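Novice: This is the structure I have questions about; it appears just below.
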Amino acid sequence: MNNKYLQPPYRPKEEADHQPDPVKEEGPDDHYLPPRKTVHPTEKEKWLPYFYRSLLWIFILLVAGLSVWGWKLVML
């Protein structure tokens with residue numbers, strides 16, 4: 001059995017023992033950016049009512065069309 005896959009990857013001693021500076025972690029980020037959602041809001045909320053209203057009208061027209069078609073077949 002080959003043990004090279006079971007061993008942890010090689011890292012130099014300096015990198016393995018490196019601890020992040022606690023003062024740096026506590027301070028605020030100098031390059032803070034607001035979330036993309038606040039900078040560029042989606043238009044999903046804008047188009048959603050139109051989408052649902054169009055689905056409702058398509059359903060109403062489909063029911064009306066099938067009713068007229070069925071009525072014509074019954075009257076023959």
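Each reported figure results from applying straightforward, stated rules to the coordinates on display, with no laboratory input. What you see is a predicted model, and the numbers here were worked out from it, not measured in a lab.
Novice: How much length would be gained if the chain were fully extended between W71 and T38, taking 0.36 nm per residue of separation minus their Cα-Cα distance, in nm to one decimal? Please report the intermediate quantities before stating the final value.
Specialist: Values: separation 33, 0.36 × 33 = 11.88 nm, distance 5.37 nm.
Fully extending the segment from W71 to T38 adds 6.5 nm.
Novice: Also: Tell me, in nm to one decimal, what length is gained between F59 and K46 on full extension, where the rule is 0.36 nm per residue of separation less the Cα-Cα distance?
Specialist: 2.5 nm
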